[in-house]
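Note sheet for the following structure.
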């Protein structure tokens, strides 16, 4: 009975030492293979990607206006010119389906057997006929 318990404990220890690291490694590899692109509700907005571009565009528009107001007058947020910057919306356009291009199939030679193996086949066939003839003579 003690030997049975000892074997069970040893088997459990070996399984733990061998299979536990393998399980952890498999889980880690699965997590690493997941795409790193953002996902979820915050990534669904179309304005999330071009937000940096729209900020650059608005800073270019503001730069000449700041040059005009640099003469002593400064505009406050309440004196804004009424233009509200809205995020740029990009419409997804599916690519047009391509027309299938006919592919030229090379013509395979049909006489491969004749060119490569006919001579060997004939030699083997004659050898077998000779052996059969000798066996028939002997019996």
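Can you pull out every residue in the stretch 109-139 that is in a helix (DSSP H, G or I), in contact with a helix residue (DSSP H, G or I) (Cβ under 9 Å, 6 or more places away or on another chain) and modelled with pLDDT under 90?
Across the stretch 109-139, the qualifying residue is only 113.
With respect to residue 31, determine if the residue is exposed (fewer than 10 other Cβ atoms within 10 Å of the Cβ), in a helix (DSSP H, G or I) and at pLDDT below 65.
Here the answer is no, as residue 31 does not meet what is asked.
The values are calculated or read from the model by the stated rules, or taken from the named source; none is laboratory data. Just so you know, these numbers come straight off a predicted model, no measurement behind them. Note that each Cβ is placed from the backbone with ideal geometry, even for glycine, and that neighbours are counted across all protein chains shown.
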